[in-house]
Amino acid sequence: RVVTTHSFYVGRLTAKLFERKQPNQPTYPFHRLKPLVQMMLLRSTRPLGARSRSLIYTSGRISSPSQHLFGLDRQAASRSNSSAEPSLFGDAKKSWVPTNDFMLEDTTRSALIWSLSKAQTSVAEALVPWFTTNMPSGYFRRVSYASQLAHMRALSAQFDPNTCKFGHVNLAGKTHGGRVVFQSECPETGDLEVTFFDFSGNPSGLLAAQLAELDSGVGVNSGSGALGNLSRVQVFTSMDDALALNVFTFENPNALFAPLTPPAKVARALGEVGQEFIPGYAQHVQRYADDLHAASPPGIDGLEWSQSFELHNLASYIARCSEDYVSHTGPRSFLQQKLLFDKVHHTEDMAFFAEPADLDVSSRGLAPEHSGLKAELESDAVSGRWWLKMAITNSVPLPALRKIVGLFRRRGVDVERLLLDVVPMEDLLASSAAAPSSSQASPGLTSGGGLEEGQRQTVTMARALVRINKDAVADSLAGGLSVDAVNAEANSSVSSPCTDDPKFDEAAFFQDLARDVKRLKWLDDSTLDLAYRSLGSAVGGSEVGLQRAEVITCLSSMLHSLLSKQDVWAFSKTNINNSVLKGNSCNLRHACAIADLFIARFDPEAPLPDARYQAWLEAVRAGIESDLTEDAVANEVLHCMVSVLEATRRTNLFLENRY
């Protein structure tokens, strides 16, 4: 672009730009030219003639070579007293701009800190109001202040302050959610706390998936290589359903055999009597029990007085429970759970109770500052919701809860809030008041209980606030699944059904649900997988069901010893299971037909007459022959199941407490 160039500038500048002091040395450093060029410009006072001046046409104006190359005009170059140092290829650098590399790094870090602080402040100003408005009140009562701050810090990275939503917005303007898994360790006890934050907007099956993930150990690092027993669960859903926050607490694996109750509290309960016999954090429970006893007739809010609420019995149960469990549970709910505990104490049973969540419950027994919390401290009265309360003996809490939540999902029961605590069976107020030794921790336990040798006997107390998806219930019950009778004891476990849908019988639904929940403890995963399998479109897409799955598993488990005499390879256990449990939908439908015949044959309320039984039996065999002519193994297996059915004389299938 330069037409002609003044020899003075070209000669000296070019020589310095490309000069090498030694043959192997690099080109002269460019920054060393700066003082030389400044000296050249400031000391060059000879006016340039018309012939010696080179012209550069830039943006419609004429300038000298020095003005173009160095970004200076003659007037600025003549100011020798100027405080601003001219730059080689730009405007004059500001005097306050750092030139030292260390100062530049420090300034850049400070700028990043300021930008990040500003962004986090804007997020906090939007997140905190949303969080305190939408999270249920039970969350703030049950979760410590430090944990609340930690939860909000974890959520701040995923929260958009402009839209007040979690996740990121794509080019189409749609918000895509996700999840965050947060792990922490309690400094006092060493317990591991795993928190799931899910803002995907799809709560269906969410809790079941998280429990399955924890049960398999995927994505969870306990530090010691193994998770301890699940000791507490707190499940919360925001009011706008945008966030599901689930907290799972695991015992320190090194303290599996330590008593749940602090020894100091046990000693205080043993050594004192009267009003102080109940710890201070449980005074609201005792006041409510006293009001129950003083009422005429004894009872308040649909809860009747029981001898289980006497002072000694109540103190014995409170001593087994953790302080958080007692202090954050309403007195009426706590006494209801005490009745469930007494019902299953020293048994292998499971107790179930259901009642509407919008009952008008008084605030008796509560301190004045808690009078607005009603009797269910963990809940607010919500229309259309139900509280389900369960007591499960001698079960490992995590797999037991995983099975229950999986059943709820299949039955159209959406869990909005869930609380779980583990209570030991041993009486800490007994004369010994000592923790049981490993040899005495689990006397008489059956393998079906799920506990390993040496583990203490416990009762898992679970409470769930649920919403019934009636459309999903109708789908799960489609196809006319067999339903056995429920005795009067089960009828009393459902309180005051109320519904706006006359076609939906909530009392019968919860009775069937209670029956299925009681069976879960004794069913392995393969039987549950079979129970949840669909029978295909030919029968309306209905599932097999727990009762059918039990019968099929029972009958098929007896076949190997019978058929292996014919062909040990063809009728191996694997082939038998593949033919029945994992076979195609046609084989499974025939197996369900055999199970239905078994259930109808021994129904105590309406036993199947012999004539109808024989006709049904012949129809089942004829169906197997017509559909499975090419599959000799499946044909023989199903016919053998029918033969076992014919040889059966009695069954305990319909006994409520058959285990």
Selection over segment 605-616 where residues are assigned to a loop (DSSP other than H, G, I, E, B) and either surrounded by 11 or more Cβ atoms within 10 Å (Cβ to Cβ) or of a type in the set (K, R) (or both) yields a count of 2
Going by the structure shown, is R409 assigned to a helix (DSSP H, G or I), under 26 Å from Y532 (Cβ atoms), of a type in the set (K, R) and at pLDDT below 90? yes
Pairs returned, first residue in segment 101-124 that is in a helix (DSSP H, G or I), second residue that is exposed (fewer than 10 other Cβ atoms within 10 Å of the Cβ) and modelled with pLDDT of 90 or more, beta-carbon separation under 8 angstrom, 6 or more apart or interchain, are none
Members of segment 509-526 found to be outside any helix (DSSP H, G or I) and open to solvent by less than 20 Å² (accessible area, probe 1.4 Å), listed by number: L523
Condition first: under 17 Å from V247 (Cβ atoms) and exposed (fewer than 12 other Cβ atoms within 10 Å of the Cβ). Now tell me which residues in segment 119-147 satisfy that. S144, Y145, A146
Does D627 count as in contact with a helix residue (DSSP H, G or I) (Cβ under 8 Å, 6 or more places away or on another chain) and farther than 28 Å from D512 by Cα? yes
Please determine, by comparing only the residues of segment 291-311 that are touching a residue at least 40 places away in the same chain (Cβ under 8 Å) and farther than 26 Å from S137 by Cα, which one is surrounded by the fewest Cβ atoms within 10 Å (Cβ to Cβ). D291
Residue list for segment 617-650, filter: outside any helix (DSSP H, G or I) and not acidic (D, E): L628, T629, T648, R649, R650
When you scan segment 175-183, do you find a residue that is among the charged types (D, E, K, R), closer than 30 Å to A126 by Cα, out of contact with any helix residue (DSSP H, G or I) (no Cβ under 7 Å at 6 or more places or on another chain) and modelled with pLDDT under 85, even just one? yes
So for segment 617-625 (the condition being in contact with a His (Cβ under 6 Å, 6 or more places away or on another chain) and open to solvent by less than 10 Å² (accessible area, probe 1.4 Å)), does at least one residue qualify? yes
For segment 637-659, which residues satisfy the criterion of being of a type in the set (A, V, I, L, M), open to solvent by 20 Å² or more (accessible area, probe 1.4 Å) and within 44 Å of the chain's Cα centre (by Cα)? L655
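So that you can scan it fast, the table gives a plain yes or no per residue for (1) open to solvent by 20 Å² or more (accessible area, probe 1.4 Å); (2) under 17 Å from L292 (Cβ atoms); (3) within 27 Å of the chain's Cα centre (by Cα):
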| position | (1), (2), (3) |
| --- | --- |
| D324 | yes, no, yes |
| T329 | no, yes, yes |
| S333 | no, yes, yes |
| Q337 | no, yes, yes |
| K343 | yes, no, no |
| E348 | yes, no, no |
| A357 | no, no, yes |
Per-region count, segment 543-585, residues in contact (Cβ under 8 Å) with a residue 24 or more places away in the chain, within 21 Å of I599 (Cβ to Cβ) and not acidic (D, E): 17
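The values are calculated or read from the model by the stated rules, or taken from the named source; none is laboratory data. Values in this document were obtained by computation on a predicted structure and should not be read as measured data. Positions of Cβ are backbone-derived with ideal geometry, glycine not excepted, and every protein chain shown enters the neighbour counts. Heavy atoms of the whole protein, side chains included, go into the accessibility calculation; ligands, DNA and RNA do not. Shrake-Rupley method; radii C 1.70, N 1.55, O 1.52, S 1.80 Å.
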